[in-house]
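Everything below concerns the one structure shown next.
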Amino acid sequence: MSTKKQKLELTWVGKENRPKLEPRILLEDPAKSYHAKHRISDNDIFDNQLIFGDNLLALKALEAEFAGKVKCVFIDPPYNTGSAFTHYDDGVEHSIWLSLMRDRLEIIRRLLSDDGSLWFTIDDNEAHYLKVLCDEVFGRANFVANCFWQKVYSERMDARGFSVSHDHLMVYQKTDKFFPFQLPKDQNAAQFGFFDESLKKYYRRRSLRTKVSEFRNSIE
């Protein structure tokens, strides 16, 4: 009987190889910078940054100053479908793609605050592998949701059997301190007359006795 501790994980060729990243600093290019002449309100933010370069090195450069401070990260990674793009390779070998994603996800997790979250879009080609990879990096309990968004509204001419019309929008939290702010819904206020401050959700009170009576009548 084996006594070696085992765990459920996604494995691939080269997973043990990690890039050696040295601390980086970001240098401002005054020719490409823009600053408003004056503040309009006290809440104006003057420290927005647009970074040009390799995103892994950029994330590493941000880590020193922003680790544990970022509330929301959205990424649109290469779908790895072999499509032709000018600025990045969208058709790398599967195990290489997983290593590239793993290295970036680990830094993103360190950047997030305890109530922070990661949002990313992906299609069916790599979605399920990326889901398992994020489970490993963030913890399976920190998976929040897999939302579907319809990207096309007509049948694809190259479809074989099924015409795929959706992509995935997945959400992960750093910890259970994350809570999404919901848009106000007039329907909720109209149908549910009570609001729970702790859960930030509407609800309505129903008579349990009435519901039991209705159930009994339905089975008699």
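The values are calculated or read from the model by the stated rules, or taken from the named source; none is laboratory data. Everything numeric in this text was worked out from a predicted model, so none of it was measured. In this analysis, Cβ positions are derived from the backbone assuming ideal geometry, glycine residues included, and neighbour counts consider all displayed protein chains.
The figures follow:
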read-out	value
Test: residue in region 75-96 that is under 26 Å from G139 (Cβ atoms) and modelled with pLDDT of 95 or more	yes
Contacts under 6 angstrom Cβ, first residue in region 103-132 being modelled with pLDDT under 95, partner among the polar types (S, T, N, Q) and surrounded by fewer than 17 Cβ atoms within 10 Å (Cβ to Cβ), 6 or more apart	N125/T81
Selection within region 111-142 - surrounded by fewer than 16 Cβ atoms within 10 Å (Cβ to Cβ) and closer than 16 Å to I75 by Cα	D123
Yes/no for N146 being among the polar types (S, T, N, Q) and part of a strand (DSSP E or B)	yes
Matching option when the condition is more than 26 Å from Y129 (Cα to Cα), under 22 Å from the mean Cα position of the chain (by Cα) and either of a type in the set (A, V, I, L, M) or in a strand (DSSP E or B) (or both), among I45, I51, I25, I40	I51
Residue within region 103-118 that is of a type in the set (S, T, N, Q) and under 23 Å from L56 (Cβ atoms) present	yes
